[in-house]
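One structure below.
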Amino acid sequence: MKSVIIAVCLMLGLASLSGAAENPFVQFNADVEKAYAAYRKALFQTNKNDAAKSAEANDSFIRQWQQIRQTYGSSPPQVFSSDLKWESTLSAVEEIAQNSADQIRQGNLAEAHETLEAIRDELTDLRKRNSVIVFSDHINNYHRVMEALLTGGFTPNTIDEPAVSRIQGQLAVLNYLAGAIRENAPQAYRENQQYQQLEKGLFESLAALKTAVESKDPAAMSKSINMLKPAYAKLFLNFG
C-alpha cells in the first residue's frame, strides 16, 4: 500500500501543491524533476551533436544535482531512509554527469550521450529498490524495447520472415507500453495540449510500423522502425 500511495502521489503531480515544502518526499521529487528536465535536454542535445547546448544543459543538471546532494545526502526522505546505496547513488549520478561534461568539452558528444544514459539507470534502480514508481519509469520501459528494435539490424536487406515475426512481437510490447504511458500520465499532462500532441505522435509512429508490417515491405518496415525514435524523443524531452 505504501508504494501504491507513493506512485499515486507522484502521478498526480502533488509536488505542485503549496504544501510540498512540508513533505520531504514530495519536495525531493519536485527537486529531482526539475534537475531531470535539464538532464533530458543534455541527452537530447548530445544526440543532436550540439556541443554548446549540451554543455549548458549538462552543467545546469550538475549544479542542481549538487544542491540535491547537499540537501538530501545525509537526510533522505523516509521512503529512502533504509536504502544502503542512497548516498552512493547520489554520488554516482553526479560523477556520471561530470564525466559527461569532460567528454562534451573534448567534443566527444556521442560518447557523452552514452555516458549520460547511465543516470537514467541509476535513478530507475533507486526507485525499484524502494518500491517507488513515477511516470518516467513508464517512459523508460518504452525506451528499452524501442532501442532493441532500433539496434536490431532491421534493414531492407535483412528483414526476412523470421525478422518480421520478431518485429511483430516487439511492436506488440511497444503498444502495451505506450498504453501504460497513456494510462499513467499525470492529469496535468493529459490537460496539456503539447503533451496530447506528442502522445498522439507516439501512437501514430506505432500505427505506421503496424501498417508497414502488414504491407510486408522491408523498406517500409525499416523506415518506420527508424521513425519511432523521433516521436519518442520529443515526448521524452518535454515530459519524460
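The values are calculated or read from the model by the stated rules, or taken from the named source; none is laboratory data. None of the values given here were measured: they were computed from a predicted structure. Here the Cβ positions follow ideal geometry from the backbone for every residue, glycine too, while neighbour counts run over all protein chains shown.
State whether the residues of region 98-106 include one that is in contact with a Ser or Thr (Cβ under 9 Å, 6 or more places away or on another chain), among the small types (G, A, S), touching a residue at least 40 places away in the same chain (Cβ under 8 Å) and under 30 Å from S224 (Cα atoms).
no
Residues checked against (1) closer than 22 Å to N157 by Cβ; (2) buried (at least 20 other Cβ atoms within 10 Å of the Cβ):
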| residue | (1), (2) |
| --- | --- |
| L202 | no, yes |
| L209 | yes, yes |
| E214 | yes, no |
| L235 | no, yes |
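Which one of these is at pLDDT below 95, under 20 Å from V173 (Cα atoms) and in the same structural domain as P156 (by TED's automatic domain parsing): K216, K200?
Details: K200 fails: at pLDDT below 95.
Step by step, each of K216, K200 is checked, and only K216 is at pLDDT below 95, under 20 Å from V173 (Cα atoms) and in the same structural domain as P156 (by TED's automatic domain parsing).
Name the one entry in E183, E214 that is among the acidic types (D, E) and closer than 18 Å to I139 by Cα. Explain how you work it out, then say what you get.
Working: E214 fails: closer than 18 Å to I139 by Cα.
Of E183, E214, the one residue that is among the acidic types (D, E) and closer than 18 Å to I139 by Cα is E183.
Could you list, in sequence order, all residues of region 86-143 that are aliphatic (A, V, I, L, M), modelled with pLDDT under 95 and surrounded by fewer than 20 Cβ atoms within 10 Å (Cβ to Cβ)? Walk me through how you get there before you give the answer.
First pass over region 86-143, keeping only residues aliphatic (A, V, I, L, M): 90, 92-93, 96-97, 101, 104, 109-110, 112, 116, 118-119, 123, 126, 132-134, 139.
In the following step, the residues that additionally are modelled with pLDDT under 95 were identified as 132-134.
Answer for region 86-143, where residues must be aliphatic (A, V, I, L, M), modelled with pLDDT under 95 and surrounded by fewer than 20 Cβ atoms within 10 Å (Cβ to Cβ): just I133.
Can you confirm whether region 39-52 contains a residue that is exposed (fewer than 13 other Cβ atoms within 10 Å of the Cβ), modelled with pLDDT of 95 or more and out of contact with any Gly (no Cβ under 7 Å at 6 or more places or on another chain)?
There is at least one residue in region 39-52 that is exposed (fewer than 13 other Cβ atoms within 10 Å of the Cβ), modelled with pLDDT of 95 or more and out of contact with any Gly (no Cβ under 7 Å at 6 or more places or on another chain).
Kindly evaluate A148 against the criterion of being surrounded by fewer than 14 Cβ atoms within 10 Å (Cβ to Cβ) and not basic (K, R). Let's see the steps before the verdict.
Working: surrounded by fewer than 14 Cβ atoms within 10 Å (Cβ to Cβ): yes; not basic (K, R): yes.
In short, yes.
Please specify each residue of region 159-196 satisfying the condition of being free of Cβ contacts under 8 Å to residues at least 24 places away in the same chain and either touching a helix residue (DSSP H, G or I) at 6+ places or on another chain (Cβ under 7 Å) or hydroxyl-bearing (S, T, Y) (or both).
S165, Y176, R182
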